[in-house]
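The values are calculated or read from the model by the stated rules, or taken from the named source; none is laboratory data. For clarity, every value in this text was computed on a predicted model and none was experimentally measured. Virtual Cβ from ideal backbone geometry, glycine too; neighbours counted across all protein chains shown. For accessibility, only protein heavy atoms count, side chains too; no ligands or nucleic acids. Shrake-Rupley method; radii C 1.70, N 1.55, O 1.52, S 1.80 Å.
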Amino acid sequence: FALQLVSAIGNSFELPMVQFVLEGLRDSSLKSEWTDTVWPEDLHWSFERLVDTGILERQFGHGRYDFSHDQIQSAAFRLIPDDRKVVLQFAIGKRLIEGFDSFH
């Protein structure tokens, strides 16, 4: 789920932002087997494994990561069931607006 979640956020993201979003999703109607498989404190290790496989690239400073190619991001996004994409993106956007001061 972590890879699908960040694919819905964008091509570039920071660890604290993803942790913040995931914590918000746990408290939303999207709480499901998806959010129960990834814990915010485990994201760093998940992302580092994805760096090791070449799916993500680590950028310098503050836990920033990029997808190594836009097609990888697109493929991860396509793994999200169609009926969940809009709901997930809405929930992510809402959560980011709530924490706007922390992430701009």
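Kindly indicate the residue of segment 35-47 that is part of a loop (DSSP other than H, G, I, E, B) and surrounded by fewer than 17 Cβ atoms within 10 Å (Cβ to Cβ) and also modelled with the highest pLDDT among those meeting that condition.
Once the filter is applied, the top-ranked residue is TRP39.
Taking interchain pairs and intrachain pairs at least six residues apart, which have beta carbon atoms under 9 angstrom, with the first residue in segment 68-79 and within 17 Å of ILE92 (Cβ to Cβ) and at pLDDT 95 or above and the second open to solvent by 50 Å² or more (accessible area, probe 1.4 Å) and outside any helix (DSSP H, G or I)?
Partner pairs satisfying both residue conditions: GLN73/ASN11.
Counting only residues that are over 14 Å from the mean Cα position of the chain (by Cα) and on the phi < 0 side of the Ramachandran plot, which one in segment 58-74 is surrounded by the fewest Cβ atoms within 10 Å (Cβ to Cβ)?
Quick first cut of segment 58-74, residues over 14 Å from the mean Cα position of the chain (by Cα) only: 58-62, 68-71.
Narrowing further to those that are on the phi < 0 side of the Ramachandran plot: 58-60, 68-71.
On the way: ARG58: 14, GLN59: 13, PHE60: 5, SER68: 16, HIS69: 13, ASP70: 10, GLN71: 9.
Applying the filter and picking the extreme gives PHE60.
Considering every residue within segment 7-24, establish whether at least one is over 21 Å from ILE97 (Cα atoms), modelled with pLDDT of 90 or more and either touching an Asp or Glu at 6+ places or on another chain (Cβ under 7 Å) or surrounded by 14 or more Cβ atoms within 10 Å (Cβ to Cβ) (or both).
no
Answer with yes or no whether LEU50 is modelled with pLDDT under 90, within 13 Å of the chain's Cα centre (by Cα) and within 15 Å of GLN4 (Cβ to Cβ).
Numbers: modelled with pLDDT under 90: no; within 13 Å of the chain's Cα centre (by Cα): yes; within 15 Å of GLN4 (Cβ to Cβ): yes.
Against the criterion (modelled with pLDDT under 90, within 13 Å of the chain's Cα centre (by Cα) and within 15 Å of GLN4 (Cβ to Cβ)), LEU50 does not qualify.
Could you list, ordered by first residue, the pairs with Cβ atoms under 8 Å in which the first is in segment 3-14 and under 11 Å from LEU79 (Cα atoms) and the second is at pLDDT below 95 and among the β-branched types (Val, Ile, Thr), at least 6 apart or interchain?
Between residues of segment 3-14 that are under 11 Å from LEU79 (Cα atoms) and residues that are at pLDDT below 95 and among the β-branched types (Val, Ile, Thr), the close pairs are GLN4/ILE80; LEU5/VAL18; LEU5/VAL21; LEU5/VAL38; LEU5/ILE92; SER7/ILE80; ALA8/ILE80; ALA8/ILE92.
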